Every structure is written in C-alpha cells, then in structure tokens.
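Here's the structure we're looking at; comments come further down.
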Amino acid sequence: MSKPKVLAIAGPTASGKSELGMALAESFGGEIVCMDSMQIYRRMDIGTAKPTAAERAKIPHHLVDIREPDQAYSVAQYAEDAKAAISNILARGRVPILVGGTGFYLRALTHGLHLGGVPSDPKLRERLKDEAGDAAGRKRLHERLQTVDPVSAERLHINDVARVSRALEVYELTGNPISALEQPAYDSPYEFLIFGTELERAALYSRIDARVDRMMADGLPDEVKALLGEGISPRAQAMQGIGYKELVPVFSNHDPLEHAVSDIKRNSRRYAKRQLTWFRRDNAVHWLDMAEKTVHTQAVNIAKAFLEGTNA
RNA sequence: GCCUUGGUAGCUCAGUCGGUAGAGCAGUAGACUGAAAAUCUACGUGUCGGUGGUUCGAUUCCGCCCCAAGGCA
C-alpha cells in the first residue's frame, strides 16, 4: 500500500515559488499549504509577499493568516497544523502542495523531527536572553550547559544563544538534557516530490532588490506603522521578520528610510543564501532553473509522472 | 593653464621610517531537532593609477603622464 503523495516547492525568497505553486495547483486540482514562518501572521501581507486575495480566491491556501502578530508559533506547531491540512486536502481527493521557504518546517515534515514534547517557556526565555546580553553572560550560560548537558555543550557554540538557551530550557523544564531525548526512527506518512527553485545568484539578487522596492511602493512602511500602532512589541516574533525589524527604528528612532531599505535588501540576500544552504543539503530536492521559459511545463510533467506513480 | 590633496580588496579607508599589505562593510561556504525571515560558525592576493629612474630590492623615494576633488587664474 503506497503512501499519499504530496508536492512541495522550496527555494530562496523571490525565486518564483508562489507562481509555480499556482501553476501546479491549477494543473492537478491542488491546494496550497503555506510553508512560511511569517505568512502565518495576519496583517503582515506586504512584507511577507503573502499570496494575494485573487490567488487565494482561485486556489485554496492553508496556514496563511492563522496567528495574530503578537502570538508565538513553533515548528512543532507547524508540523501538527501542516499534517492536519494535508489530511484534510487528501480526504477531499485533492493534491496538497507545500509552498514556502522555511527549511526547518519542510524538514519537520519530511524527516519527521521528534521535537521532544517540551514546549517553550516564554518567561524562561526572556530571562536567558537577558542573561546572554554580554560575553560574560554567554560564557556563564554555556558553562551551566556544560555541567547539565555536556553533549549539547560540546556541539553548541558559546555565541549561539538561541540553541544554548533552548538546551538549558529543556533541562530546566524536565530535568533531562535535550541531547538525551528519545528520537525513534521516523517514517513519514507521505511520499514527497520536492521542487527547488533556483536562479543564477546575480539574477536572484536583482529580483530581491526589485521586490523590496515594490514592497516599499506598495506601502510596507504603513503596514509596519500600523502594527506598531496597535501595540505589537518590536520584540514580538513576528516583528523579527525581514522588512519589519528594519523599519521599526524608522518610526521609533527616526532612522533614515533609505538605510532601512538597503538593510532589508541585504538581509533578504543573506536570507536567500541561508535558504539555499538548507535546501541544497537535501538531495531529494529536484532543482528547477527558474530562468527557463518552460519551467512550469517541465515541473507539471515531472509532477504528473510522480502523481501517477509512473516514476521509477 | 597653475597650485593643493587624493588614486591601495566590490565599497569606505588604514599602512608599509624601501623587504610586494590589512580593517570595517559587501560577498562566499557551512551549521541548524518546539524563536528558524530566528540564531550561529568559517573564509581577506589585490597589475597598492600608468610609466621611466634611483636601489640588491619600489606599492613606499624621485621624474613624467593619466584620472578625481578642491583652490587660483
């Protein structure tokens, strides 16, 4: 008995994932499951390049606008939500298509991360974050981890505050080191065909620049201003998104807008690079050259063979 | 036309009292198990504007030329 088939489109920002997703959805009666850590937030439309109302009217999109901007979210939550969405789509005889650039989320689905069942503790995180404010504090945290969980301390760099904190968090919450958590073999309930969207670096970067300029013209500053106006904290997870965190000081500190714009472009480039690193590591990814005129057709043909089970 | 100050890594610049050079930013590669658009790690050779000269040796000193900025006419 074969597993249900799921399509996925991963790749760097601004490389054309959404358009490809729409094309595949139209060809196969598919529905899109958002795989993006920022598009889950409501009222963050421009900066996240969220699918438009027209696109969403044409093809159902899942897991978009499922959180308020002041709420937290996590991979574990995503894995749960995505599985529910996929089951729902499959149950109606449609094809689920994951579209997005969050590598960690994809990995949680394909490699089935066993996330330990230890949810985060916001207050504890705040405390650890404050303590990690200077070099001495970071050293102290790492030393503490060394005594309670030497295995994790060994592989975590002192400056990697997010991970050192998480390891300490798990220990403080459960009394067990994170490195000792059970990680049984995982067998994904789905069979995936993963497309990776690729472009020559220079072309990708100029697309990113153009997209950022368009976002600014479309009113990204007003979007950020509105979020701040409704009381969303600059420390909120949602406000760490690229395009948001850079614009906050324009309003809170009268920083020049042009600096924010160039920072957004630079951070988007770096982000695209990190995304590429993530997806390149997965050798199941079927790369597509997005500069080719016929990519959509190529992808449709490959997906067709996959869905019909005729792929060898 | 003359004077002055510059011309060194993609950019901004430092430096070599003559022994072929280094920071920041940009960039590149990588990691990633409940923050992931987050967090972190590693990586610095370039006709030192061109050309002659002095010298064992010149990016460094001298001459000339080119370019840029400013000033004087």
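At 1.4 Å probe size, with the rest of the protein present, what percent of the exposed accessible area of the range A:197-312 is carbon and sulfur atoms?
The C+S portion of the solvent-accessible surface of the range A:197-312 is 50 percent.
Given +1 on the Cβ of Lys and Arg, -1 on the Cβ of Asp and Glu, and no further charges, what dipole in debye does the range A:149-231 carry about its Cα centre, rounded to the nearest 20?
That gives the range A:149-231 a dipole magnitude of about 240 debye.
Could you give the spread of the C-alpha atoms of the range A:34-110 along their three principal axes, from largest to smallest, in whole angstroms?
Sorted from largest, the Cα extents of the range A:34-110 read 32, 30, 19 Å.
Rolling a 1.4 Å sphere over the protein heavy atoms, what is the accessible area per residue of chain A, to the nearest Å²?
For chain A, the solvent-accessible area averages 51 Å² per residue.
Comparing A:Q39, A:Q275, A:Q298, which has the greatest mean-square fluctuation in the GNM of chain A with Cα pairs linked when under 10 Å apart?
A:Q298
How many percent of the accessible area of the range A:138-194 is carbon or sulfur, using a 1.4 Å probe?
50 percent
Before anything else, pin down the relative contact order of chain A: Cα pairs under 8 Å, at least 6 apart, normalised by residue count, whole percent.
Relative contact order for chain A comes out at 27 percent.
Explain nothing, just the number: relative contact order of the range A:109-172, from Cα pairs under 8 Å at least 6 residues apart, as a whole percent.
Worked out over the range A:109-172, it gives 33 percent.
Mind checking the dipole of the range A:202-312: about its Cα centre, +1 per Lys or Arg Cβ, -1 per Asp or Glu Cβ, Debye to the nearest 20? All intermediate terms of the calculation are to be shown ahead of the outcome.
Details: 16 positive and 14 negative charges, 95 e Å.
Dipole about the Cα centre, nearest 20: 460 debye.
Evaluate Rg over Rh across chain A, taking Cα atoms for both radii and Kirkwood's formula for Rh.
Reported Rg/Rh, Kirkwood definition of Rh: 0.98.
Straight-line reach from A:K123: which lysines have Cα under 23 Å away, leaving out those fewer than 8 places along the same chain?
Leaving aside lysines fewer than 8 places away in the same chain, those within reach of A:K123 are A:K139, A:K245.
Please compute the Kirkwood hydrodynamic radius over the range A:30-189, one decimal place, Å, based on all pairs of different Cα atoms.
Value: 17.8 Å, from the Cα pair sum.
Taking 0.36 nm per intervening residue step and subtracting the Cα-Cα distance, what contour gain separates A:R214 from A:Q183 on full extension?
The A:R214-A:Q183 span can extend by a further 6.7 nm.
Using only helices, what value at 222 nm comes out for chain A when you add -39,500 (n - 2.57) per DSSP H run of length 4 or more and divide by the total residues, to the nearest 500 deg cm²/dmol? The partial results should precede the final answer.
Working: 13 runs with 157 residues, N = 312.
Here the helix-only value at 222 nm equals -15500 deg cm²/dmol.
Direction-averaged shadow area of the convex hull around the Cα atoms of the range A:21-71, nm²?
3.4 nm²
The values are calculated or read from the model by the stated rules, or taken from the named source; none is laboratory data. A quick note: this is a predicted structure, and the numbers were derived from the prediction, not measured. As a convention, Cβ positions derive from the backbone with ideal geometry for all residues, glycine included, and neighbour counts pool all protein chains shown. Note: areas computed on protein heavy atoms with side chains; ligands, DNA, RNA excluded. Shrake-Rupley method; radii C 1.70, N 1.55, O 1.52, S 1.80 Å.
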